[in-house]
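The block underneath contains the structure these notes are about, expressed in structure tokens.
Values in this text are rule-based calculations from the coordinates and carry no lab data. Nothing here was measured: the structure is a model prediction, and the numbers come from that model. All Cβ positions, glycine included, derive from the backbone under ideal geometry; neighbour counts span all protein chains shown.
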Amino acid sequence: INAEYMGAFSGVSSAAMVFFNRVFLRALSRTLSFISLVLLLASCTTATVLPKTSLELSRLLRLSDARTPQQIHISLATETTRAVGWVTFEPPCSRFNNTHECLPPSVQWGTESGRYLFAANASTSQYYRAFHHDALITVSLGMPTFYRVSSGGSADAITWSPEFSFSATSFQQAPAFTAAIFGDMGVNNSDGTMALLMSGRSRYSFVLHNGDISYADDINSHLYPSPSPSSGPAAYEDVYDFFVQRLQPIAAEVPIMVAPGNHDVTCHILTDLGCAHGQRNFGAFNHRWRMPCEESRACPQQHPTPNISSITPSTAPSATTLANSRMNMWHSFRMGSAVFVVIDTETDYSGAPTTPHNLIGGSSTGVSSGRTPQ
């Protein structure tokens, strides 16, 4: 009896062990699959790694001459105008004294290299750095335009950028055109795309970055270690600076248009936690770019560019006025017979456009029933 019992027990034990092994191995397999998936996702969304030496060099450059214009880029405004934007690490009137007039940042341009016959002032908003926008270049279609931008400030201490050039294409007379359209490009793993953009920039009528610009919000992610020597809101701005400066050789010659993505919402990939108030609700996106929202009749209100010949600290635009009025979330522009419409659906701005027809028909598109396919 004992032998039969033991044999039966042995059989039951063997069956139980087989069942246990199968369940254990299945669970282990699923666990390993889940871990593999997590690692795969992590490899696809690795936190932005900004070279430490680049950050340190950036800081040294800021200290040596914080007035040097950088991150220079152009964008489409109307058929005969291009908007120029740039950054300095010092407000234009921070060294103002009563001895000299304090001049606004400006752009000079002409149709011959080194010969600048025209000029326009920019508007400045202070947001971690000084962002200069709304300087509109009037172009001669089919002819090259040479331009440079200034830091503004005391008349005896203005810093000018190197010269850049571009050729303007008529919106209406472009039956065929080539554009570079992409999205989700940050600092990491973008060398190949940057190289393609550089090699093809002479062929592009414009470049469109369709959201998730720079992935700067990854730098503060608690999911991954951050090698950046700075942290918090400052690190977010460092990454964005680094990314746009890398784009400058392309964006200073080819109009760059942008659309918002979920990674452009705030300084942190997961939440507003740790983000300065100005970095929330697409703050950086609206400070750093100037899209044709007014030309598209898409802005909740019209904010014309101030026409001023000189600027002093008492008359300078407020730190947030221009960014609050510049809604890059909604705009449209035309190239050839195509109209490109950018509509954002994940913001809580009051007065936001809710229907696409608000964005078509402005001076940036030139749409009319007589010449536009219906």
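For segment 103-208, the gyration tensor built on C-alpha atoms gives an oblate shape. Its axis ratio a/c (a ≥ b ≥ c) is at least 1.5, and a/b is not larger than b/c. Of the peptides 106-115, 186-195, the ranking by mean beta-carbon count within 10 Å, highest at the top, reads 106-115, 186-195. When segment 112-267 is described by a simple charge dipole with +1 on each Lys and Arg Cβ and -1 on each Asp and Glu Cβ, the residue from V149, T124, V139 located farthest towards its positive end is V139. Put simply, the convex hull of the Cα atoms in segment 117-178 casts, on average, a shadow of 6.3 nm².
Per-residue packing, averaged as other Cβ atoms within 10 Å, sorts the ranges 254-263, 70-79 into the order 70-79, 254-263, beginning with the highest. Relative to one another, the C-alpha centroids of segment 126-147 and segment 196-218 are positioned 18 Å apart.
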